[in-house]
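This report concerns only the one structure given below.
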Amino acid sequence: MRLSRVSSYIAISLPLLFFLSLAFVIAHNPWFSLQNNALSDMGSMKNPNRCYFNCFLMGFSILALIPAYTAYRGGLSYLMPPALVFLFLVGLFPEELPYHTPSAVLFYVLAMSDIAIVGLKLARRGFETGYLWFILSPLTFIAMIAMVALRLFRGLAIPELVGATFILSWFVWLSPLLSGDLASKKLIN
């Protein structure tokens, strides 16, 4: 099977893998609250079950690098591969370490920027829904920041999940283009 087809299958399965894995991690951390904690609290050095979250994050980022790399090779990504490297670092460095927060912020900034850039590129090449991604990407990022700034929740988990859901949705939308099923070569190159 070609890498592009495998990448497409992985991309379309990422949301299911993410949310099932996250549910597994939360099940091993019954104290965790979506409203009162950050997701990274489950990976804290103070948590004896931290390996579940940190290994999940690192493994997920490695798996997501496959479709991100394929997208990069096909002109459908510029910043997603480095964004996923920063996501890996979020899992590698617990929240108590100084590298954790910059890695998390860079993950979201790079991923959202990539979606906006590629969305605009695709829109100009005939995929009108690309404009939607171009507009929704900064709006999602602003909504995440607003939820934190307005202290709508005591923790960061819900804003983090809003951003993660948006990024995962992008991978699902991108999956047919990765497989080449939509004659994407003519639109992308």
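Count of segment 1-27 residues, restricted to those that are modelled with pLDDT of 95 or more and exposed (fewer than 14 other Cβ atoms within 10 Å of the Cβ), is 5. Of the candidates L65, L39, L92, the single residue that is touching a residue at least 40 places away in the same chain (Cβ under 8 Å) and among the aliphatic types (A, V, I, L, M) is L39. Return only the number of the condition from (1) buried (at least 21 other Cβ atoms within 10 Å of the Cβ); (2) part of a helix (DSSP H, G or I); (3) among the hydrophobic types (A, V, I, L, M, F, W, C) that L106 does not satisfy. With (1) buried (at least 21 other Cβ atoms within 10 Å of the Cβ); (2) part of a helix (DSSP H, G or I); (3) among the hydrophobic types (A, V, I, L, M, F, W, C) applied to L106, the lone miss is (1).
So, P67, is that one part of a helix (DSSP H, G or I) and surrounded by fewer than 17 Cβ atoms within 10 Å (Cβ to Cβ) or not? Answer is no for this residue. Of all residues in segment 75-97, exactly one satisfies the criterion of being in contact with a Gly (Cβ under 8 Å, 6 or more places away or on another chain) and either under 12 Å from L178 (Cβ atoms) or among the small types (G, A, S) (or both), namely G91.
Here is a list: L150, L177. Which entry is of a type outside the set (K, R) and crowded, with 18+ Cβ neighbours inside 10 Å?
Just one listed residue meets the conditions, L177.
The residue of segment 76-95 that is modelled with the lowest pLDDT, among those that are in contact with a Leu (Cβ under 7 Å, 6 or more places away or on another chain) and of a type in the set (A, V, I, L, M), is L76. Between L57, L87, L76, which is of a type outside the set (D, E, K, R), under 18 Å from the mean Cα position of the chain (by Cα), buried (at least 17 other Cβ atoms within 10 Å of the Cβ) and outside any helix (DSSP H, G or I)? Residue meeting the stated conditions: L76. Residue count for segment 117-173 under the criterion of being aliphatic (A, V, I, L, M), in contact with a Gly (Cβ under 6 Å, 6 or more places away or on another chain) and under 18 Å from F107 (Cα atoms): the result is 1. Determine, yes or no, whether F171 is farther than 18 Å from A11 by Cβ and assigned to a helix (DSSP H, G or I). So F171 fails the test.
In segment 118-130, the count of residues that are under 16 Å from the mean Cα position of the chain (by Cα), under 30 Å from F32 (Cβ atoms) and part of a helix (DSSP H, G or I) is zero. Screening P82 against (1) touching a Lys or Arg at 6+ places or on another chain (Cβ under 8 Å); (2) closer than 28 Å to L20 by Cα; (3) not hydrophobic (A, V, I, L, M, F, W, C) leaves a single unmet condition, (1).
The values are calculated or read from the model by the stated rules, or taken from the named source; none is laboratory data. These figures come from a predicted structure and were not determined experimentally. Methodologically, a virtual Cβ is constructed for each residue, glycine included, from the backbone with ideal geometry; neighbour enumeration extends over all protein chains shown.
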